[in-house]
Amino acid sequence: MPRIFMSYRRSDSISESGRIHDHLEREFGGDNVFKDVDDIEPGHDFRKVLDEEVAKCDVLLAIIGPDWVRAADNSGNRRLNDPNDFVRIEIESGLKRDDGVLVVPVLIKNAPMPVASELPESLHDLVYRNAVIIRNDPDFSRDMPRLIDYIHRYSSRKKPAQTTTDSRNR
């Protein structure tokens with residue numbers, strides 16, 4: 001079963017992320033879908049938990065709403081410009097992995113796909129990933145099964161890492 005990590009901005013997509021999470025959890029099981037507010041237990045260092053979860057996921061969904069690029073902190077600074085922004089770190093980590101993790105932009109609420117000039121250089125590869133569009137009702141019930149089907153197809157094609165045995169090390 002594939003492990004799915006959901007990266008999203010609460011200020012931009014909390015309700016939609018919740019609906020997407022519920023559908024994914026029903027299909028793939030609660031232990032296979034990570035969403036921070038549901039899966040980080042009190043007292044745990046969320047930085048460490050996020051890092052561990054991104055490192056072991058098969059699919060990272062970057063949920064992008066209309067304010068995702070422009071989201072700002074309390075001082076008015078754009079959050080994506082902050083190297084310590086958790087959404088940025090999550091996606092950077094997924095994009096850096098070279099072991100077959102699938103990073104999928106998921107566009108919600110009619111959000112456009114960001115362009116490279118709107119993103120830090122470390123996120124430029126995101127704009128070249130084919131996005132999935134999840135629309136509001138009545139289309140949500142058609143869009144989610146397409147995403148779920150694609151995750152199933154991807155995970156069935158993904159080959160487990162092969163181990164080789166060197167006879168000299170026996």
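Quick notes
- Hey, Glu16 outside any loop (DSSP other than H, G, I, E, B), under 20 Å from Ser122 (Cα atoms) and either open to solvent by 10 Å² or more (accessible area, probe 1.4 Å) or among the acidic types (Asp, Glu) (or both) or not: no
- Here Leu61, Leu107 are screened, and the one residue that is assigned to a strand (DSSP E or B), under 23 Å from Ser17 (Cβ atoms) and out of contact with any helix residue (DSSP H, G or I) (no Cβ under 9 Å at 6 or more places or on another chain) is Leu107.
- Filtered residues of region 117-138 (kept if assigned to a helix (DSSP H, G or I) and touching a residue at least 40 places away in the same chain (Cβ under 8 Å)): Glu118, Leu123, Leu126
- Any pair with Cβ under 8 angstrom, 6 or more apart, that starts in region 6-30 at a residue that is touching a residue at least 60 places away in the same chain (Cβ under 8 Å) and ends at one that is assigned to a helix (DSSP H, G or I) and aromatic (Phe, Trp, Tyr): Arg19/Phe140
- Single residue of region 1-13 satisfying the filter (among the basic types (Lys, Arg) and either within 16 Å of Tyr154 (Cβ to Cβ) or not in a helix (DSSP H, G or I) (or both)) that is most open to solvent (accessible area, probe 1.4 Å): Arg3
- Any hit, region 47-56, residues being of a type in the set (Val, Ile, Thr) and surrounded by 18 or more Cβ atoms within 10 Å (Cβ to Cβ): yes
- Some residue of region 76-95 being closer than 15 Å to Ser17 by Cβ, of a type outside the set (Lys, Arg) and in a loop (DSSP other than H, G, I, E, B): no
The values are calculated or read from the model by the stated rules, or taken from the named source; none is laboratory data. Remember, predicted model here, so these are calculated numbers, not experimental data. Note: ideal-geometry Cβ built from the backbone for every residue, glycine included; neighbour counts use all protein chains shown. For the accessible areas, the whole protein counts, side chains as well, though only heavy atoms, and no ligand, DNA or RNA atoms are used. Shrake-Rupley method; radii C 1.70, N 1.55, O 1.52, S 1.80 Å.
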